[in-house]
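What follows draws every value from the coordinates through simple rules; no lab data is involved. These numbers were taken from a predicted model, which means no experiment stands behind them. All Cβ positions, even for glycine, are placed from backbone atoms using ideal geometry, and neighbour counts span all protein chains on display.
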Amino acid sequence: MSCFVTGATGFIGRYLVRELLSHVTGPVYVLARKSAVPKLDDLRQWWGAGAERVIAIEGDLREPELGIAPAERARIGQPIEHFFHLGALYDIEASSEELAQANVEGTRHALEFARAMGARHFHHVSSIASAGLYDGVFTEDMFEEACHLEHPYFRTKHESEALVRRQTHVPWRIYRPGMVIGDSRTGHITKVDGPYYFFKALQIMRRHVPSWLPTIGFEGGYVNLVPVDYVAAAMVRLSQLPDQAFRCFHLTDPQPRHAGEVLNLFARAGHAPMMGLRVDTELLRSLPIDLSVALSAFEPLRTILDELLDDLHLPRSVLTFVNMPTLFDNRRTRSLLEGTDVTLPRLEEYGWRIWDYWERHLDPDLRHDRSLAGRVANKRVLITGGSSGIGRATALRLADAGAIAIIVARDPQRVAETKAEIQGRGGTVHTYVCDITDAAACDAFVQRLLAEHGGVDILINNAGHSIRRSIAASYQRLHDFERLMKLNYLAAVRLTLALLPGMAAKGSGQVVVISSIGVLSNAPRFSAYAASKAAIETFARCAASEYRDCGVRFSVINMPLVRTRMIAPTTAYTKLPALTPEQAAELVLDAIVHQSPRIATRLGMFARLLELFAPRIADSVNSAAFRMFPDSAAASGATQEAPPTDAAITFAKVMHGLHW
């Protein structure tokens, strides 16, 4: 008994061929374009035992009768017992013309060849998409009832199935798989499709939201998932049963699941937060207007949606496939397979393998160089305040990674020491001594920088100063607020404004702003410092939206407490937990590598959420901290600073990284 397979190198096709080799003894002929023959050679190892019975027949699905030459037909010789037609285009983003050529014309050409070769059985792999968006239960005997076939993928799968049904020369069997996902035993799959499009969104949620925090999502329509190993095994078993010609088989999961339920299942597998509340989109139909039409007609909302989909790696068309209203009855198929070794595993039992395989092999981030060297090698990076503390630690790491480090700071000796250290490690560094709060000096520095380097690729606004003093001790010290604004805000803005035109002109660049966790927590005694950091942070977030289309990215880092010279005047901090400059530099480098809009600790984000949703509680916590931690000796004018109490130390350790 001989078999002929189109689409054998495709995902389902390779599994079908392996299944055929286990159940038939004759040759398995596979259609292959000349360029695909080497791929078959690689697949032979994957197919394993019996792979020598796979015979490549050169042809092309786009040609009449598959474009198979007489000499190739002669190699087949005997009539084909089972002709399996899997060759198709499954890309929902493909154009109407591409889908029609592959799915409709390809099926026409396969039928022509099967008739010419006297095939005894024609097995056509259709899809549940051939039902369109039928609202209700679609049985295995239904076809003409399909509706809402506007999407070209739906339409071409329906039309190709119609071609098979209309011809009477070769007895046919049609298989309609659900959304085919990876192997239930290994998770193996060859490309991202269907529910996989949402995995990146779940991964992003896992990165930014605690897994125990329930989120709000959508319920969606029905999503019918089946593993590829089940589909291939079921097709081979059904193809060998007698008296089943001219019938259709649903290779689907009989357990209906809404899209939200499926996403929650994979969220659990990927340790991402699950949707505690899922909104049923059916509720939108009760509104007096068609909300989807209204939103799609509003250009700003369309732009936001497109940007969101792009960030989450979601094609717009996938939204259609998560809102399908159709349930697929597969009682005939289940009855025929009952008692055999072909059983459909439960998604709950193998979903973790699907997620694990995607994250290890198909995550799009794996194809990008996410190393620091990959991001900054030979890039010009300007670090203000780069001769000490966080700036120095950052400059050392950047230079080690191959960046052209450019440092500007006030202290000539520290600048020279940092330069010598970087050069001693083999790095490239250029240094400038300048007080960037001096407008004239800063402008002169910028002109020299542009003349010598032509601009920068990354600007790190790190230079800053902090004052820890209660407002009651600041009534006569307006100058404290002014000098912090001058350095932390105005100097950073002046440099950014000077270097932004060059970044925008070349269509790329990044501005990193070192803000403070105090902006998120509204830390007492830091009113001057937090206000100045909030100012530069707000500037950066506003600029981010204006320059996004220019290719310039802005990153804000809400830095927790760091043990640098800046906190030295507060002796209480010697006993409190704080990051080292090197640990703080890692946050800066993470912002550069991932171009993250914001880097903040979970405690910092919790403080912001508490401020937004429970401001009275936030005020109570800050008030308690204000009483526990007195002003420093320098701020209060005292000769000696009282050491922190045990309660204060415990409180600070619980609130690790916050300023008090």
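Taking only the C-alpha atoms of region 3-367, the Rg (one decimal) and the largest Cα-Cα distance, Dmax (whole number), read 21.1, 66 Å.
Applying 1/(1 + (r/R0)^6) with R0 = 30 Å to the Cβ-Cβ distance of T186 and Q595, what FRET efficiency is obtained, to the nearest 0.05?
Values: r = 34 Å, r/R0 = 1.14.
According to the calculation, E is roughly 0.30.
Of all aspartates and glutamates in the structure, the ones whose alpha carbon falls short of 19 Å from that of K419, not counting any fewer than 8 places away in one chain, are D400, D411, D435, E452, E582.
Remark: L40, L499 ranked as L40, L499, counting other beta-carbon atoms within 10 Å and listing the fewest first. Could you list, in their original order, any pairs among K34/K191; K191/K379; K379/K486 whose Cα atoms are separated by more than 27 Å? Those over the limit are K191/K379; K379/K486. Relative to one another, the C-alpha centroids of region 249-273 and region 3-36 are positioned 30 Å apart. When the charge dipole of the chain is built from unit charges on Cβ atoms (+1 for Lys and Arg, -1 for Asp and Glu) and taken about the Cα centre, the candidate among G502, V562, V104 whose Cα reaches farthest toward its positive end is V562.
In debye, nearest 20, what is the charge dipole magnitude of region 442-501 about its Cα centre with +1 on Lys and Arg Cβ and -1 on Asp and Glu Cβ, if you could check? Spell out each step's value before the answer.
On the way: 7 positive and 5 negative charges, 72 e Å.
The calculation lands at about 340 debye.
Globularity index of region 108-190 is 1.24 (Cα radius of gyration / 2.2 N^0.38 Å, N = number of residues). When the chain is described by a simple charge dipole with +1 on each Lys and Arg Cβ and -1 on each Asp and Glu Cβ, the residue from S239, N224, G351 located farthest towards its positive end is G351. In the chain, if the dipole is taken from +1 on Lys/Arg beta carbons and -1 on Asp/Glu beta carbons about the Cα centre, which of M1, G48, T384 is farthest to the positive end? Result: T384. Over region 348-482, Cα pairs under 8 Å with separation of 6+ residues give a relative contact order of 23 percent.
Taking the Cα centre as origin and putting +1 on Lys and Arg beta-carbons and -1 on Asp and Glu beta-carbons, what dipole magnitude results for the chain, to the nearest 20 debye? It would help to have the intermediate numbers written out before the result.
On the way: 71 positive and 71 negative charges, 373 e Å.
Its charge dipole is roughly 1800 debye.
Residue separation times 0.36 nm, minus the C-alpha to C-alpha distance between N378 and A504: what's the value?
Full extension of this stretch gives 43.5 nm more.
Region 93-115 and region 379-435 have Cα centres lying 61 Å from one another. Taken about its Cα centre, region 3-367 carries a charge dipole of about 920 debye when Lys and Arg each add +1 at the Cβ and Asp and Glu each add -1 at the Cβ.
Annotation: the residues H368, H430, sorted from fewest to most other C-beta atoms within 10 Å of their own C-beta, follow the order H368, H430. Between region 173-244 and region 484-527, what's the alpha-carbon centroid distance in Å? Cα centroid of region 173-244 versus Cα centroid of region 484-527: 45 Å apart.
The protection proxy used here, the mean number of other Cβ atoms lying within 10 Å of each residue, ranks peptides 381-392, 222-233 as follows, highest first: 381-392, 222-233. A value for P(r) over Cα pairs in 20 Å bins from 0, in percent was derived from the coordinates, and within the list (1) 17, 38, 23, 15, 7, 1; (2) 18, 50, 29, 3, 0; (3) 16, 37, 27, 17, 3, 0 it appears as (3).
As a rough footprinting exposure proxy, the listed residues T9, T190, T139 were ranked by other beta carbons within 10 Å of their own, and the order from fewest upward is T190, T139, T9.
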